[in-house]
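Got a structure for you, written out below as structure tokens; questions coming shortly.
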Number of protein chains: 2
Amino acid sequence: MGPTQAIAKLVASTDAVPSRTVHEAKRTLINLLGVALAAAHDQPAEVLVRWAEAEGCAPQAAVIGRTLRTSLSNAALLNAYLAHLHDYDDTHFPTVLHPSAPVWPAVLASAEALHLSGKATLAAFVLGAETACRLALSVHPWHYDQGWHITGTAGVFGAAAGVGRALDLNAEELTNALGIAGTQASGVREMFGTDAKALHPAKASSNGLQAAFLAQAGFSGPDDIIGGRRGFWAVLSPDGHSETALLDDLGERWELDNNGLKPYANGVVAHPIQDAVISLRNAHHLRPAQITRIAARVHPLVLELMDRPLPRRGLEGKFSYQHCAAAALVDGAGHDAQFTDARVSDPTIASVRSRVSATVDPSLGEDEAYVTIALDNGQTLAQHVTHATGSPANPMTDAALEEKYRLLASDVLPPGQAERLLEAVWRMDEADDVVGVTMLMAP
Amino acid sequence: MGPTQAIAKLVASTDAVPSRTVHEAKRTLINLLGVALAAAHDQPAEVLVRWAEAEGCAPQAAVIGRTLRTSLSNAALLNAYLAHLHDYDDTHFPTVLHPSAPVWPAVLASAEALHLSGKATLAAFVLGAETACRLALSVHPWHYDQGWHITGTAGVFGAAAGVGRALDLNAEELTNALGIAGTQASGVREMFGTDAKALHPAKASSNGLQAAFLAQAGFSGPDDIIGGRRGFWAVLSPDGHSETALLDDLGERWELDNNGLKPYANGVVAHPIQDAVISLRNAHHLRPAQITRIAARVHPLVLELMDRPLPRRGLEGKFSYQHCAAAALVDGAGHDAQFTDARVSDPTIASVRSRVSATVDPSLGEDEAYVTIALDNGQTLAQHVTHATGSPANPMTDAALEEKYRLLASDVLPPGQAERLLEAVWRMDEADDVVGVTMLMAP
């Protein structure tokens, strides 16, 4: 049995998902709904919504935070775009993959159309996320290092697996679905800081959904998209891959256990810096004018991904560790409000930003940082963050998640509806029809 | 000016395309319409048509050979799928890219909706095809050798450029369009022999079209998808690229001059073998029972791409040089009829097929072969093909193209309509509205 068939078998035949993992799946959905609602009226989202309107498709599935109903593939496209646009969605820490953005929207759209139960919908998501995370693990770090945006490339496999499960495909059909989806794996890191970055999970979600429906209708793919001679490993990760990472303990441990929810709306590798800066700021009541230097010692990915001393607009600020640290110092936060074009141009933040620097220490974890802040009175403050808030070792509590969700969702939905949606997700595994959730996503 | 901007400038600002190249563009469209009409009711095409019907989109653009009208992106998807399904579309010989399948359907769908003139539509195709071919040249052979199906990966750039031209985007908007499209570059060669292979140009066409419309609406991409640090060259062709091949004599020579039309409905690298076998068969009135051996000396790509001694079904037969040679001997042809599941299982063909072999000679051209046929009377016949029929050095005549088109198209459209469509394409540059062509594509 090749690696693709092993994954297909897991997705087709797993009966029981542990209740802890089901709870984690609900948490990722609450988080996704909050961040997508907050993004629902952003300018590039408006462009995509108008695109879908121009396509004039049948009103089959809900779009988060919008009155538009559209086809399954366009609903997956739009919802995944909204889920990732603010870079505020969940992160699979071992691989920096964002599993929910590509997988949940595809699963939700198909589950809504199929009138699946909440329990079946949650299982489909868990298996889709497991597929994406396992594939990501199998090519990490070579694939990401080459310049691939793993949320797009591994995400399309996850969306196909999740929808394939929702459609109750057998292992052979799932193998075809993974092949049809996997050959569309795409998304390069050159898009970071542009409107096109969130298009990666959007297309992954839409393409993965379509692949599962095509496979159901008898459309053929290859026997082994993952391990085949001209397949995913060979072509998209020529520098290395690990079959062990893909298959070890498959169905026994679940990668959602290594997933984290973000307290800050920016690239996850800067989070330990922000934790440290906010902690020192609050403890010492720091004001911008006092700061002469903020110096961080960090994991190498911080400089690889987020070294942008002069961000020009909000989206670039999300990939500037300098801006993240400066905004943390000035505002004490890293919410959407810290990543507007105006906030990136703010002279006080810009002034602090010019005093932020970082050096690399490969011995540190990705959720770890040492930060020192030098003050104009000669004093130097230091803080060591071992595990950033929202990392698997220091997870966001359910209460903190609800607070984040309410902050993001409350203004977008009519009064009371955000609370009803939250409640519907927490009780999703009791619902006979997932429409009880999806009907509350739109105003 | 980076490489992406140079291409964007060409597409935005070229005023005059040589009349020879415009004529070649018409030839590629006639060829595409013929092969797409012949494929319009194949089983996997039916699956895609049903998919598009289920999406329920607005009837904005024609689908070749079908009564369904659908959205622009779904029309591009379906028409590109039909164009490539039989592997009978045109080939850019220096790169094995099929430029028409991804580019024409995107250009046609947008031109139909925009009511473009025939002349403007032809120019949009030429510039889209030039973009795809130039990008392909810039990464050949490294990119294809790594396992990428270049028709998908370079095709999406061509579709975006062609539609961007149809939309009259400026160079900056085109740079965004190429970025949004280029990050979706995908398609691995593991799909060869499955229903999913033709999905590569299909998605390239649809995604490229969407990228151009998104860019028109202000959606942003990066400054340089082609040459950027994490862009196309770096990520999808790490073993090498050539900026010279991309940009040399840009706008002065046209790559459609290096494009060929296929006389046989299978992988182009087997064509010189088929020319030789058919020539010897006809000259010596050969019968299957006489044959003890067919031996070919060929370009290395024949074995790389088409070494399949035991094809199991029609699609695999198209990628089996052994089957192509055997069918050429038995039937004297390589049309669709030679690549049905039944013909691949035919005992006479299978018997000849088992006697076909090939050896590699790297000194040969891709359109060249030496073939010997050994007979049961001890005689050995030999034939050297220097340039296969349909190669740039030995192009198919307009008359032969019309014959191929009629053979493929006549049964699919109502009596007389195939001729009217042919005439409309030959006179396309005089048409005020391309709808005069597109309305004739469907019955």
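Bear in mind that the values in this text are calculations on the coordinates, not laboratory data. Worth saying up front: this structure is predicted, and the values here are computed from it rather than measured. Positions of Cβ are backbone-derived with ideal geometry, glycine not excepted, and every protein chain shown enters the neighbour counts.
Relative to the longest principal axis of chain A, what angle (0 to 90°, nearest 10) does the C-alpha long axis of helix A:19-39 take?
It is inclined by approximately 70 degrees.
Another question, then. Taking the dipole about the Cα centre of region A:1-117, with the C-beta of Lys and Arg at +1 and of Asp and Glu at -1, give me whichever of A:ALA8, A:TYR81, A:VAL35 is farthest to the positive side.
A:ALA8
Additional query: Assign unit charges at the C-beta atoms only (+1 for Lys and Arg, -1 for Asp and Glu), then state the dipole size of region B:391-443 relative to its Cα centre in Debye, rounded to the nearest 20.
220
Summing -39500 (n - 2.57) over the DSSP H runs of n ≥ 4 in chain B and dividing by its residue number, what mean residue ellipticity at 222 nm do you reach, to the nearest 500 deg cm²/dmol?
-15500 deg cm²/dmol
Related question: How tilted is helix A:155-166 with respect to the longest principal axis of chain A? Cα atoms for both, answer in degrees (0 to 90, nearest 10).
Helix A:155-166 sits at roughly 40 degrees to that axis.
While we're on this one: Given Cβ point charges of +1 (Lys, Arg) and -1 (Asp, Glu) and nothing else, what value in debye, to the nearest 20, does the dipole of region B:268-385 about its Cα centre take?
400
Here's something else I'd like to know. Considering every pair of different Cα atoms, what Kirkwood radius, in Å, is found for region B:62-197?
One over the average 1/r among Cα pairs gives 14.9 Å for region B:62-197.
Skipping prolines and chain starts, which residues have an amide H placed within reach, meaning under 5 Å, of the one on A:VAL356, given they are 5 or more residues away or on another chain?
Under 5 Å from the amide H of A:VAL356: A:ILE294.
Could you go through region B:232-248 in sequence order and give the Karplus-derived ³J(HN,Hα) for each residue, using 6.51 cos²θ - 1.76 cosθ + 1.60 with θ = phi - 60°, rounded to whole Hz, and x for Gly and Pro?
Karplus values, whole Hz, x for Gly and Pro: 4, 4, 5, 8, 9, 8, x, 7, x, 7, 9, 5, 4, 4, 6, 10, 4.
What are the nm distances, shortest first, from B:SER351 to its equivalents in the other copies, labels at 7 Å along Cα→Cβ?
Those separations, rounded to one decimal, come out as 9.3 nm.
Using a 7 Å offset from Cα along Cα-Cβ at B:THR340, what residues in region B:295-323 end up with backbone N under 13 Å from the label point?
Backbone N within reach: B:314.
Here is a follow-up. Going by amide H atoms built from the backbone, whose H comes under 5 Å of the H on B:HIS92, apart from near neighbours?
The answer is B:LEU97, B:HIS98, B:GLY260.
List A:PHE157, A:PHE213, A:PHE93, B:PHE339 from most exposed to least, where exposure is judged by having the fewest other Cβ atoms within 10 Å.
Ordered by Cβ neighbours within 10 Å, fewest first: A:PHE93, A:PHE213, B:PHE339, A:PHE157.
Mind listing the phi-derived Karplus ³J(HN,Hα) values for region B:430-437, rounded to whole Hz, using 6.51, -1.76 and 1.60 with θ = phi - 60°, and x for any glycine or proline?
9, 7, 6, 9, 5, 4, x, 8
Here is a further query. Can you give me the distance in nm between label points at A:ASP239 and A:ARG427, each placed 7 Å from the Cα along the Cα-to-Cβ direction?
With each label point 7 Å from Cα toward Cβ, the separation is 5.1 nm.
Could you tally the net charge around A:TRP254, taking each other residue with its Cβ under 12 Å from the Cβ of A:TRP254, Lys/Arg +1 and Asp/Glu -1? Write down the numbers at each step before the final one.
Working: positive: A:ARG20, A:ARG134, A:ARG253; negative: A:GLU24, A:GLU130, A:ASP249, A:GLU252, A:GLU255, A:ASP257.
In short, -3.
Also, I was wondering about something else. How much of the calculated P(r) for region B:220-339 lies past 19 Å, in percent of all Cα pairs? Mind showing how you got there, number by number?
Values: 4390 of 7140 pairs.
Cα-Cα pairs of region B:220-339 separated by over 19 Å account for 61 percent.
Between the label point of A:SER242 and that of the same position in each other copy, find the distances and list them shortest first in nm, with every label point placed 7 Å from Cα along the Cα-to-C-beta direction.
4.0
Oh, and also: 7 Å from Cα along Cα→Cβ at both B:ALA217 and B:HIS23: what's the point-to-point distance in nm?
Once both label points are built, they end up 4.2 nm from each other.
Also, I was wondering about something else. Looking at the calculated P(r) for region B:64-143, what percent of the C-alpha pair distances fall above 17 Å?
Value for region B:64-143: 50 percent of Cα pairs lie more than 17 Å apart.
Mind checking the dipole of chain B: about its Cα centre, +1 per Lys or Arg Cβ, -1 per Asp or Glu Cβ, Debye to the nearest 20?
960
How big is the convex hull of the Cα atoms of region A:167-282, per residue, in Å³?
It is 170 Å³ per residue.
Test of understanding: ordering A:HIS284, A:HIS335, A:HIS98 by Cβ neighbours within 10 Å, fewest first, what list do you get?
Ordered from fewest to most neighbouring Cβ atoms within 10 Å, A:HIS284, A:HIS335, A:HIS98 come out as A:HIS284, A:HIS335, A:HIS98.
Scaled to the compact-protein estimate 2.2 N^0.38 Å, what is the alpha-carbon radius of gyration of the protein assembly as shown, rounded to two decimal places?
Numbers: Rg = 28.1 Å, N = 886, 2.2 N^0.38 = 29.0 Å.
Normalised by 2.2 N^0.38 Å, the Cα Rg of the protein assembly as shown equals 0.97.
Which of rounded, prolate, oblate describes region A:168-234, given a ≥ b ≥ c as roots of the alpha-carbon gyration tensor eigenvalues and a/c under 1.5 marking rounded, otherwise prolate only if a/b is larger than b/c?
Taking the square roots of the gyration eigenvalues as a ≥ b ≥ c, region A:168-234 is oblate.
Still on this model: Quote the Stokes-Einstein diffusion coefficient, in whole µm² s⁻¹, for region A:268-385, based on the Kirkwood radius over alpha carbon pairs, a temperature of 20 °C and a viscosity of 1.002 mPa s.
Value of D from the Cα-based Kirkwood radius: 157 µm²/s.
Between 0 and 90 degrees, rounded to the nearest ten: what's the tilt of helix A:417-426 against the longest Cα principal axis of chain A?
60
From the phi angles alone, apply the Karplus equation (6.51, -1.76, 1.60; θ = phi - 60°) to region A:210-219 and give each ³J(HN,Hα) in whole Hz, x where the residue is Gly or Pro.
Rounded to whole hertz, the list is 4, 4, 5, 5, 5, 4, 4, 7, x, 5.
Jot down the radius of gyration and Dmax of chain B, Cα atoms only, both in angstrom.
Gyration radius and largest Cα-Cα distance of chain B: 21.2, 72 Å.
Towards the positive end of the charge dipole of the protein assembly as shown, with charges on Cβ (+1 Lys, Arg; -1 Asp, Glu), say which of B:VAL49, A:PHE93, A:ALA124 has the farthest Cα.
Farthest towards the positive end: A:PHE93.
Can you list the distances in nanometres, one decimal and ascending, from the B:ARG420 label point to the identical position in each other copy, with the point 7 Å along Cα to Cβ?
Copy-to-copy label distances at B:ARG420, shortest first: 5.5 nm.
Only Cα pairs within less than 10 Å get springs; with that Gaussian network setup on chain A, which residue of A:THR70, A:THR28, A:THR372 has the largest fluctuation?
Greatest mean-square fluctuation among the candidates belongs to A:THR372.
In region B:268-385, with Lys and Arg counted as +1 and Asp and Glu as -1 at Cβ, which of these residues, B:HIS299, B:PRO272, B:THR340, has the Cα nearest the positive end of the dipole, that is, farthest along it?
B:THR340
Same structure again: State the Cα centre-to-centre distance between region A:47-115 and region A:118-191 in whole Å.
15
Here's a follow-up. Between region A:314-346 and region A:387-401, what is the C-alpha centre distance in whole Å?
If you average the Cα positions of each part, the centres end up 21 Å apart.
Testing the spin-label approximation: label points 7 Å from Cα along Cα→Cβ at B:ALA400 and A:GLN417. State their distance in nm.
Simple spin-label model gives 6.4 nm for this pair.
Counting only DSSP beta bridges with both residues in chain B, what percent are antiparallel, rounded to the nearest 5?
75
Under 29 Å Cα-Cα from A:LYS262, which lysines qualify once same-chain neighbours fewer than 8 residues away are excluded?
Counting by Cα, and skipping residues close in sequence, A:LYS262 has these lysines nearby: A:LYS26, A:LYS119, A:LYS197, A:LYS203, A:LYS318, A:LYS404.
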